[in-house]
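Novice: Following this message is one structure expressed as structure tokens.
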């Protein structure tokens, strides 16, 4: 054994034996409070030379990377490099064993493709050349639902990325990485479909399984794996990496700043401290979304076609800097709500947004507007011009100002799900971006109460899903044709008369 190999082995053993792995959260938090960001608490140094891609691994990643157990489960904080570490291990295996075969399953198409990109970067660093790349979809365009994407390297090794569903994971005898496994649409059904793929050693040798996820509730798939008692025959090697572990081992993150900015103790406990709280479920599974997709629904529309019609409805989810503004427009044709436009405004000033939204609001018969946070100011301007819809306050204008309380979310998102499940009632564009945005929305259960939440990504915060839910609400609160409502500025005896004959009942 060379001196370099001996040093690497010693470093790996030291990483495994780090006493921080056995410290409780209270002790870790105290250490983090006094810790200098971007340093190692114990002074650990990566033993690989700078020209080796493995030199980029931090201590907790190094430990996981070099664990060669057949079954390995990593319960890990958000944004600590789960995919980076495991894709590095996969690329190293593909490099060392020509003809190696891996499958990566993720909760969404976007995450599966992002994970593959991480793997390509590692493979190139190891000197592997991409011989072929292909993807297979449900239809003939790049916007239809992904079945799989596959990279074939010049030495015959292959890595396949799929959305984590039973139908896409069944059938192949391969090594497997399940990334964010706890957030699959149906983890248990996917587990039953995929696990038999690992059992046959006659095709490519003994198969490995890697699971990397943030926890998602007691009783879930990862909770069961994580809480099985230790026995002599227990096959799992387990790795816990909280944000505290990661920071103490070199990750340059200011934990206090993150905690204060998030302002959600339960969310911080789950997403960063890997605590098993209550669970969550996907609001709109892929097969539910796919049922409503149509190439005749559009993302852009000439609003002059509306011509003063009373069948146009808008939902506006307002954003300013962190998230985009999305204005989703529906048109009722017969008993079907057709998507006519999905307008996305990123980093526009509030006056500029008001100007571009004015024409759309004017063309609509009812608008539901996000009157939360930064939307409060713009909402006040909009109702001044277009009238406010608030029957309880005897105001019958055009715009309903919607404050996003937990109770309000419990009104609009279940109704959105029912609209998707009702045959032929809703049509949306065939779009990967829209599909991923809708699929990201979660129903979260905490202490017996449920609400709705979506992770913030580079594409937003399920803003399209929220805008569509508002548009569906606007369409559901519209009046039948022929019953014309007066503007709020015309309140008085006319309103009393209308109420007397039951129009507002």
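Novice: Residues to consider are 315, 319; find the one that is outside any loop (DSSP other than H, G, I, E, B) and either closer than 19 Å to residue 375 by Cα or without any contact (Cβ under 8 Å) to a residue 24 or more places away in the chain (or both).
Specialist: Going through 315, 319 in turn, just one is outside any loop (DSSP other than H, G, I, E, B) and either closer than 19 Å to residue 375 by Cα or without any contact (Cβ under 8 Å) to a residue 24 or more places away in the chain (or both): 315.
Novice: Continuing with the same structure: For the list (1) in the same structural domain as residue 248 (by TED's automatic domain parsing); (2) touching a residue at least 24 places away in the same chain (Cβ under 8 Å); (3) crowded, with 17+ Cβ neighbours inside 10 Å, I need the number of the one condition that residue 268 fails.
Specialist: The one condition residue 268 does not meet is (2).
Novice: When residue 256 is evaluated against the numbered criteria (1) in a helix (DSSP H, G or I); (2) over 28 Å from residue 38 (Cα atoms), which criterion, by number, is the only one it fails?
Specialist: (2)
Novice: I'd like the full set of residues that are free of Cβ contacts under 8 Å to residues at least 60 places away in the same chain and closer than 20 Å to residue 318 by Cβ, limited to segment 416-426.
Specialist: The answer is none; no residue qualifies.
Novice: If you check residue 206 against the conditions, is it over 25 Å from the mean Cα position of the chain (by Cα), touching a residue at least 12 places away in the same chain (Cβ under 8 Å), in a loop (DSSP other than H, G, I, E, B) and in the same structural domain as residue 87 (by TED's automatic domain parsing)?
Specialist: yes
Novice: Here's something else I'd like to know. Can residue 302 be described as over 17 Å from residue 432 (Cβ atoms), touching a residue at least 60 places away in the same chain (Cβ under 8 Å) and either surrounded by fewer than 14 Cβ atoms within 10 Å (Cβ to Cβ) or outside the structural domain of residue 333 (by TED's automatic domain parsing) (or both)? So that I can check it myself, show each step before the final result.
Specialist: Working: over 17 Å from residue 432 (Cβ atoms): yes; touching a residue at least 60 places away in the same chain (Cβ under 8 Å): no; either surrounded by fewer than 14 Cβ atoms within 10 Å (Cβ to Cβ) or outside the structural domain of residue 333 (by TED's automatic domain parsing) (or both): yes.
Answer is no for this residue.
Novice: Being under 21 Å from residue 268 (Cα atoms) and in contact with a strand residue (DSSP E or B) (Cβ under 9 Å, 6 or more places away or on another chain) is the filter; apply it to segment 16-35 and report the residue that is surrounded by the most Cβ atoms within 10 Å (Cβ to Cβ).
Specialist: 20
Novice: Any residue in segment 132-143 that's at pLDDT below 80: show its pairings with residues that are assigned to a loop (DSSP other than H, G, I, E, B) at Cβ separation under 6 Å, as long as the two are six or more apart or on different chains.
Specialist: Once the first residue is at pLDDT below 80 and sits in segment 132-143, no partner that is assigned to a loop (DSSP other than H, G, I, E, B) comes close enough.
Rundown of residues vs (1) in contact with a helix residue (DSSP H, G or I) (Cβ under 8 Å, 6 or more places away or on another chain); (2) crowded, with 20+ Cβ neighbours inside 10 Å; (3) within 28 Å of residue 144 (Cβ to Cβ); (4) in contact (Cβ under 8 Å) with a residue 40 or more places away in the chain, yes/no style:
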position	(1), (2), (3), (4)
362	yes, no, no, no
367	yes, yes, no, yes
401	yes, no, no, no
414	no, no, yes, no
429	no, yes, yes, yes
435	yes, yes, yes, yes
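Novice: Could you please find all residues in segment 279-297 being surrounded by 18 or more Cβ atoms within 10 Å (Cβ to Cβ) and part of a loop (DSSP other than H, G, I, E, B)?
Specialist: Within segment 279-297, 279, 283, 284, 297 meet the criteria.
Novice: Among the residues of segment 112-124, write down those that are surrounded by fewer than 17 Cβ atoms within 10 Å (Cβ to Cβ) and over 22 Å from the mean Cα position of the chain (by Cα).
Specialist: 121, 124
Here is a yes/no grid of residues against (1) at pLDDT 90 or above; (2) under 20 Å from residue 441 (Cα atoms):
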position	(1), (2)
167	no, no
181	yes, yes
187	no, yes
201	no, no
210	yes, no
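Novice: State yes or no: is residue 238 touching a helix residue (DSSP H, G or I) at 6+ places or on another chain (Cβ under 7 Å), in contact (Cβ under 8 Å) with a residue 60 or more places away in the chain, part of a loop (DSSP other than H, G, I, E, B) and under 22 Å from residue 93 (Cα atoms)?
Specialist: no
Novice: Confirm whether residue 275 is surrounded by fewer than 17 Cβ atoms within 10 Å (Cβ to Cβ), free of Cβ contacts under 8 Å to residues at least 12 places away in the same chain and out of contact with any strand residue (DSSP E or B) (no Cβ under 6 Å at 6 or more places or on another chain). Full working, then the answer.
Specialist: On the way: surrounded by fewer than 17 Cβ atoms within 10 Å (Cβ to Cβ): yes; free of Cβ contacts under 8 Å to residues at least 12 places away in the same chain: no; out of contact with any strand residue (DSSP E or B) (no Cβ under 6 Å at 6 or more places or on another chain): yes.
For residue 275, the condition - surrounded by fewer than 17 Cβ atoms within 10 Å (Cβ to Cβ), free of Cβ contacts under 8 Å to residues at least 12 places away in the same chain and out of contact with any strand residue (DSSP E or B) (no Cβ under 6 Å at 6 or more places or on another chain) - is not met.
Novice: Just checking, which of 169, 142 is over 25 Å from residue 51 (Cα atoms) and crowded, with 17+ Cβ neighbours inside 10 Å? Steps first, answer last, please.
Specialist: Working: 142 fails: crowded, with 17+ Cβ neighbours inside 10 Å.
Within the list 169, 142, the selection yields 169.
Novice: Considering only residues that are more than 17 Å from the chain's Cα centre (by Cα), surrounded by 16 or more Cβ atoms within 10 Å (Cβ to Cβ) and either farther than 22 Å from residue 85 by Cα or not assigned by TED's automatic domain parsing to the domain that holds residue 72 (or both), which ones fall in segment 156-166?
Specialist: The answer is 166, and nothing else.
Novice: Also, I was wondering about something else. If I ask for residues that are at pLDDT below 90 and in contact with a strand residue (DSSP E or B) (Cβ under 6 Å, 6 or more places away or on another chain), which ones from segment 385-396 would you list?
Specialist: Matches in segment 385-396: 389, 395.
Rundown of residues vs (1) part of a helix (DSSP H, G or I); (2) in contact (Cβ under 8 Å) with a residue 40 or more places away in the chain; (3) surrounded by fewer than 23 Cβ atoms within 10 Å (Cβ to Cβ); (4) assigned by TED's automatic domain parsing to the domain that holds residue 242, yes/no style:
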position: 37; (1), (2), (3), (4): no, yes, yes, yes
position: 48; (1), (2), (3), (4): no, yes, yes, yes
position: 62; (1), (2), (3), (4): yes, yes, no, yes
position: 72; (1), (2), (3), (4): no, yes, yes, yes
position: 78; (1), (2), (3), (4): no, yes, yes, yes
position: 90; (1), (2), (3), (4): yes, yes, no, yes
position: 110; (1), (2), (3), (4): yes, yes, yes, yes
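The values are calculated or read from the model by the stated rules, or taken from the named source; none is laboratory data. As the structure is a computational prediction, the values presented were derived from the model and not from experiment. Please note: Cβ atoms are built from the backbone with ideal geometry, for glycine as well, and neighbour counts cover all protein chains shown.
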